[in-house]
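Student: Next up is a structure, given as structure tokens.
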Amino acid sequence: MILKKYSTSITICLALALFFTIVQLGISGGLISGYWVTNLYLMGINIILAASLNLINGFTGEFSLGHAGFMAVGAFTGGIVTANLGLPFPLAVAAGMLAAAIAGVIVGLPTLRLRGDYLAIATLGFGEIVRVVLMNIDYVGGASGLMGIPEVVSWPVIFISVVLSLLLIRNFICSSHGRACLAVRENDVAAQMMGVNITYYKVLAFVIGAALAGLAGVLYAHYYSIIQPKEFSFMLTFDVLVMVMVGGLGSLTGSVVGAVLLTIASAFLQAIPELRMVLYAVLLIAAAVFRPQGLFGEKEVTLQTFKRWGGVFSGLAGHKQAD
Amino acid sequence: MALLDINKLTKNFGGLVALNNFDLHLEQGALVGLIGPNGAGKTTVFNLLSGFYQPSGGEIIFDGKNLKGKHPHQITKMGMARTFQNIRLFGNLSVLDNVKIAYQSVVNYGLLPAFLRIPPFSRREEQIEKAALNFLEIFDLRKYAGEKARNLPYGEQRRLEITRALATNPRLLLLDEPAAGMNPQETHELLSLVRRIRDEFKLTIILIEHDMSLVMGLCERVLVLDYGSLIAEGSPKEIQQNPRVIEAYLGDEEVAVWEE
Ligand SMILES: Nc1ncnc2c1ncn2[C@@H]1O[C@H](COP(=O)(O)OP(=O)(O)OP(=O)(O)O)[C@@H](O)[C@H]1O
Ligand SMILES: [Mg+2]
């Protein structure tokens, strides 16, 4: 009975462990080239960025353009902790996420009370301010950037970070607090009348999203070892936004797929960066015209989905699912 | 002690006086109707009560507490619930989730249990689910539990909105034109539904309605607003014969309904 109750979790854990091991063997055995290892790590970082932006823009229905800014705050805070202060990496993760979360409160609290597009404008401004300020602080290397950050990010670190981030977001969304966020997105007036403190939940989702963007920044900094403020420009936010939109606002599965697809696409187009921007623009327009809800809409792919497909394929679909 | 005490409540929008020195005292268990021509200020009364508008003057004492400065979600937790003139469901969420969201102002848990799925997460979630399903059962919506709210037929959407309001466990329920857009059959069902919830849930209800047969069949007391002022108050019979009320409705399309 207990086995049955937890069978889904066990299956997922086994699948994840298998995936982790195969990739790890591929990396240690030299089957995956250095170029694709880099892109694999970027994929992980992009998944965290896309999923956390989706929490704000897709699940809570706000419109933030500040992800590059929060990522920069995380990256530089983390970098300071390890490179400048010589403290261990886990502390950098904690400090980076905390700093990004605090930045989230500072930006979110005043703007999320207001209606409309204030958040988009404020977060856009925030991203630019962070970048310009960082360029002018000598302590973090100014425009030439922060150097000598220990390269501690490896496949296990990326893998665990991605899995935990997704699990955290998923648990949040599938809780009463996540339902409150969905209610805010669906109808904020009715949500208030159901006892939902909408400012609290808007800020909460925003801060969780910011903290995870901070985590992505810490990982990024501790993979590349050198970070420059100019890397965290609006284009980065735009990239993440495209991943979220292509995958589907309000679908975690969509964010994962969107991040993977677009990371692979830009890896192939690395040599011709102009083409990459064209591709992104075309993708956005195509999504808007043909599939405004993104690849996945608000749907999630779960084990149930696979079981359903399995049933269809093996002709055992006699018992229809009620949905 | 009265459940609700409204004293000299006033609301101005720029130069427009939407509500003028409005008084209302409600005992526990009362069911009153609030009528008046379009733009008379009925919905404004609800918006003031539920905290969406702040009064320009006067005060609202609900359950012994002054509502001044209170936010809508705080007022909900104090025991007031309402429905909206234009249905406001969480359209893309399931019917079950619509009710669950309401019920969490009654039963909830902290953030840490939510993130880590540690107690009391599972127990409370089960509790919320059971209660929500139970509400759906009572109001005959159980069969739609997994359906998106926006896919429900119109009459059922109205019913879901009322169900959801009741799930917040209110003592005072404000219904803003619940029969708007319903056919006579649906209106009739609504009539018995409102009676039933008043009796079963021991609620105090204020009902805004254009459908006169509904108001007359349901309410013990009726208040009439016109241009923001209370022009009459009394039993349905008295109201029907009051010359000022007839005058206020004269030339209005409502007269047709009135004479039915
Ligand atoms: N937020 C607002 N800003 C400006 N004017 C408003 C606002 N809300 C209501 N009013 C005005 O106040 C007056 C009363 O509106 P209210 O919605 O209370 O009328 P009502 O009695 O509910 O009418 P109906 O039967 O049409 O629903 C109207 O003239 C309306 O235009
Ligand atoms: Mg109205």
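Student: Which numbered condition trips up B:Tyr53, out of (1) open to solvent by less than 40 Å² (accessible area, probe 1.4 Å); (2) within 13 Å of ligand 1 (Cβ to nearest atom)?
Tutor: (1)
Student: Could I ask something else about it? Return the residue satisfying two criteria in turn: it lies in the range B:31-68 and is among the aliphatic types (A, V, I, L, M) and farther than 20 Å from B:Ala179 by Cβ, and of such residues it is farthest from ligand 2 (Cβ to nearest atom). Spell out how you get there, then give the answer.
Tutor: Of the residues in the range B:31-68, the ones among the aliphatic types (A, V, I, L, M) are B:31-32, B:34-35, B:40, B:45, B:48-49, B:60-61, B:67.
Now narrow it down to the ones that are farther than 20 Å from B:Ala179 by Cβ: B:48-49, B:60-61, B:67.
Details: B:Leu48: 13, B:Leu49: 13, B:Ile60: 18, B:Ile61: 24, B:Leu67: 20 Å.
My answer is B:Ile61.
Student: Report, by residue number, each residue of the range B:1-11 that is assigned to a strand (DSSP E or B) and crowded, with 17+ Cβ neighbours inside 10 Å. Working first, answer last.
Tutor: Just the residues of the range B:1-11 that are assigned to a strand (DSSP E or B), to begin with: B:4-11.
B:Leu4, B:Asp5, B:Ile6, B:Leu9, B:Lys11 - these are the residues of the range B:1-11 that are assigned to a strand (DSSP E or B) and crowded, with 17+ Cβ neighbours inside 10 Å.
Student: Within the range B:180-206, how many residues turn out to be within 13 Å of ligand 1 (Cβ to nearest atom) and buried (at least 21 other Cβ atoms within 10 Å of the Cβ)?
Tutor: Counting residues in the range B:180-206 that are within 13 Å of ligand 1 (Cβ to nearest atom) and buried (at least 21 other Cβ atoms within 10 Å of the Cβ) gives 1.
Student: What's the number of the only condition in (1) open to solvent by 10 Å² or more (accessible area, probe 1.4 Å); (2) touching a Phe, Trp or Tyr at 6+ places or on another chain (Cβ under 6 Å) that A:Gly61 fails to meet?
Tutor: The single condition A:Gly61 does not satisfy is (2).
Student: Considering every residue within the range A:137-150, establish whether at least one is within 14 Å of another protein chain (Cβ to nearest Cβ) and either open to solvent by 30 Å² or more (accessible area, probe 1.4 Å) or charged (D, E, K, R) (or both). Before the answer, list the steps.
Tutor: Quick first cut of the range A:137-150, residues within 14 Å of another protein chain (Cβ to nearest Cβ) only: none.
So far as the range A:137-150 goes, no, none of its residues is within 14 Å of another protein chain (Cβ to nearest Cβ) and either open to solvent by 30 Å² or more (accessible area, probe 1.4 Å) or charged (D, E, K, R) (or both).
Student: Continuing with this model, one more query. Exactly one condition in (1) at the interface with chain A (Cβ under 9 Å from one of its Cβ atoms); (2) in a loop (DSSP other than H, G, I, E, B); (3) touching a Phe, Trp or Tyr at 6+ places or on another chain (Cβ under 8 Å); (4) open to solvent by less than 10 Å² (accessible area, probe 1.4 Å) is false for B:Tyr109; which is it?
Tutor: Of the numbered conditions (1) at the interface with chain A (Cβ under 9 Å from one of its Cβ atoms); (2) in a loop (DSSP other than H, G, I, E, B); (3) touching a Phe, Trp or Tyr at 6+ places or on another chain (Cβ under 8 Å); (4) open to solvent by less than 10 Å² (accessible area, probe 1.4 Å), the odd one out for B:Tyr109 is (4).
Student: Looking only at the range B:45-71, count every residue that is touching a strand residue (DSSP E or B) at 6+ places or on another chain (Cβ under 9 Å) and not in a loop (DSSP other than H, G, I, E, B) and tell me the total.
Tutor: Adding up the residues that qualify gives 12.
Student: Looking only at the range A:264-323, which residues are at pLDDT below 80, open to solvent by 50 Å² or more (accessible area, probe 1.4 Å) and among the small types (Gly, Ala, Ser)?
Tutor: Within the range A:264-323, A:Ala288, A:Ser314, A:Gly315, A:Ala317, A:Gly318, A:Ala322 meet the criteria.
Student: Just need a number here: residues in the range B:74-106 that are at the interface with chain A (Cβ under 8 Å from one of its Cβ atoms), of a type in the set (Ser, Thr, Tyr) and more than 13 Å from A:Arg179 (Cβ to Cβ).
Tutor: Adding up the residues that qualify gives 1.
Student: While we're here: Residue by residue through the range B:77-97, note down the ones that are touching a Pro at 6+ places or on another chain (Cβ under 8 Å) and either away from ligand 1 (no atom under 16 Å from the Cβ) or at pLDDT below 95 (or both).
Tutor: Within the range B:77-97, B:Gly79, B:Met80, B:Ala81 meet the criteria.
Student: Separate question: Looking at the range B:12-28, which of its residues are open to solvent by less than 30 Å² (accessible area, probe 1.4 Å) and either without any contact (Cβ under 8 Å) to a residue 60 or more places away in the chain or more than 9 Å from ligand 1 (Cβ to nearest atom) (or both)? Full working, then the answer.
Tutor: So in the range B:12-28, the residues open to solvent by less than 30 Å² (accessible area, probe 1.4 Å) come out as B:18-19, B:22, B:24, B:26.
Matches in the range B:12-28: B:Phe22, B:Leu24, B:Leu26.
Student: Still on this structure, please answer the following. Against the condition of a type in the set (A, V, I, L, M), within 17 Å of A:Ile169 (Cβ to Cβ) and open to solvent by 40 Å² or more (accessible area, probe 1.4 Å), how does A:Val257 come out, does it pass? Walk me through it before giving the result.
Tutor: Numbers: of a type in the set (A, V, I, L, M): yes; within 17 Å of A:Ile169 (Cβ to Cβ): yes; open to solvent by 40 Å² or more (accessible area, probe 1.4 Å): yes.
So A:Val257 passes the test.
Student: Looking at B:Val245, B:Val222, B:Val194, which one is out of contact with any His (no Cβ under 7 Å at 6 or more places or on another chain) and in a strand (DSSP E or B)? So that I can check it myself, show each step before the final result.
Tutor: On the way: B:Val245 fails: in a strand (DSSP E or B); B:Val194 fails: in a strand (DSSP E or B).
So the residue among B:Val245, B:Val222, B:Val194 that is out of contact with any His (no Cβ under 7 Å at 6 or more places or on another chain) and in a strand (DSSP E or B) is B:Val222.
The values are calculated or read from the model by the stated rules, or taken from the named source; none is laboratory data. What you see is a predicted model; the values in this text were computed from it and never measured. Note that each Cβ is placed from the backbone with ideal geometry, even for glycine, and that neighbours are counted across all protein chains shown. What goes into the accessible areas is simple: the full protein's heavy atoms, side chains included, and nothing from ligands, DNA or RNA. Shrake-Rupley method; radii C 1.70, N 1.55, O 1.52, S 1.80 Å.
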